[in-house]
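See below for the structure under consideration.
Readers should treat all values here as calculations from the given coordinates under stated rules, not as data from a laboratory. Values in this document were obtained by computation on a predicted structure and should not be read as measured data. With ideal geometry, Cβ positions are generated from the backbone for all residues, glycine too; neighbour counts draw on all protein chains shown.
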Amino acid sequence: MRVLILGVNGFIGSNLSEKILTETDWQIDAMDLSSDKLKNCLTHPRFNFVAGDITLQKDWITERIQNCDVVLPLVAIATPATYVQNPLRVFELDFEANLDIIRQCVRFGRRIIFPSTSEVYGMCTDQEFDEETSHLVTGPINKERWIYSTSKQLLDRVIYAYGKHHNLNYTLFRPFNWYGPRLDNIFNSKPGGSRVLSQFIGNILRGENIMLVDGGEQKRCFTYIEDGISALMKMIENKNNCAERNIFNVGNPHENISIRELAELLIQLIKNYPEHHAAATRTQLVNVDAAEYYGAGYQDVTSRVPSVSRAKKYLDWQPMVNIKNGLQETLKFYLETE
Ligand code: UGA
């Protein structure tokens, strides 16, 4: 199998590449702007990495698409602060750049495994979000946060239509707050500069206060990267075409915790490291208004629980890692190896 991964130096791409190289005989062609998360892959004989920009190196991409079995276009901005501060950049990269790749998969008859997102469900009020029946609910245009959700939603619809009317062989996967080693840079101290987990770890290590947006009662189903990657491996493997023309939520419905609980758990776990105990003791939880923290274009999701019955049925997959173990492994990576 020959796999093309665009955006390989990201959180998902780097973890997926390591898994492929250690557990299969598959070949990886890969591109990203930089390679700092790929230390364990770069010298591997089955890892062919090219440093480049997917919006510029079009000839290389076209040639690689023609020569691979499956394409994973993972290039995207995925931090909510950027949706509000630079919405057009999100549209250009997440939507426009990826549309070009999708069309090439149609043109050359290549299989595509595309990252949709839990964000497409938006403020849906279903207890559990279902890929086939849940409504996708976003806010008004002046709530710019939704440009990411709607860009991804339109790509989902385009891919689905190419599948139905032009035989595109696709799989859409929707990560629900995946976390783990190599998520974001914890030393990026800009508020909102990374996703919540890496933001909080950085805050605690610096002994700063944690900002709980609107009190932190909103909940997320945090999903450990190892579980996410094992679902992706099954999609790539595609045994008996199980992943073909299918959409999968990939999340952990058993670990539905509030952002406040996440902050408390992290402080408690980091206090176990003697060298960080003093900083973690200094950190206080402080409530902040969403508009003040992110700007007026922000709107939040209060509950986001996936149904994972499709993933169970078609991929024989279910999440295995509980939040405490997942956070401990994540902290081990950030505090013991970085
Ligand atoms: C994320 C991002 O949009 C994407 O990474 C992704 O597509 C999706 O969810 C996912 O992984 O499923 P969200 O969960 O809202 O969206 O983003 P986070 O930045 O991780 O924030 C989670 C919650 O923590 C939000 O309610 C946010 O307001 C809150 N938060 C964040 C704080 O209370 N304090 C902070 O300092 C940062």
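Under 8 Å by Cβ, and 6 or more places apart or on different chains, what pairs join a residue from the range 299-310 that is under 19 Å from A81 (Cβ atoms) with one that is of a type outside the set (A, V, I, L, M, F, W, C) and more than 10 Å from the ligand (Cβ to nearest atom)?
Q299/G139; Q299/K143; V301/G122
Restricting attention to the range 179-197, and to residues there that are of a type in the set (S, T, N, Q) and within 20 Å of the chain's Cα centre (by Cα), which single residue is farthest from the ligand (Cβ to nearest atom)?
N185
Among strands (runs of 3 or more DSSP E) lying entirely in the range 230-338, which contain 2 or more residues that are in contact with a helix residue (DSSP H, G or I) (Cβ under 8 Å, 6 or more places away or on another chain)?
Here the list reads 246-250.
When the residues of the range 156-173 are narrowed to those that are in contact with a strand residue (DSSP E or B) (Cβ under 8 Å, 6 or more places away or on another chain) and of a type in the set (A, V, I, L, M, F, W, C), which ends up farthest from the ligand (Cβ to nearest atom)?
The extreme case among them is L168.
In the range 13-130, which strands (runs of 3 or more DSSP E) lie fully inside it and hold 2 or more residues that are in contact (Cβ under 8 Å) with a residue 24 or more places away in the chain and within 20 Å of the chain's Cα centre (by Cα)?
27-32, 70-73, 111-115
Checking Q85 against (1) within 14 Å of the ligand (Cβ to nearest atom); (2) surrounded by fewer than 18 Cβ atoms within 10 Å (Cβ to Cβ); (3) within 18 Å of L155 (Cβ to Cβ): exactly one of these is not met. Which one?
Here Q85 meets the rest and fails (3).
Scan F200, F176 and give me the residue that is within 13 Å of the ligand (Cβ to nearest atom) and within 16 Å of the chain's Cα centre (by Cα).
Every option except F176 fails the conditions.
Residues checked against (1) within 11 Å of the ligand (Cβ to nearest atom); (2) without any contact (Cβ under 8 Å) to a residue 12 or more places away in the chain:
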site: I204; (1), (2): no, no
site: K219; (1), (2): yes, no
site: E226; (1), (2): no, no
site: A231; (1), (2): no, no
site: C242; (1), (2): no, no
site: P253; (1), (2): no, no
site: L269; (1), (2): no, no
site: P274; (1), (2): no, yes
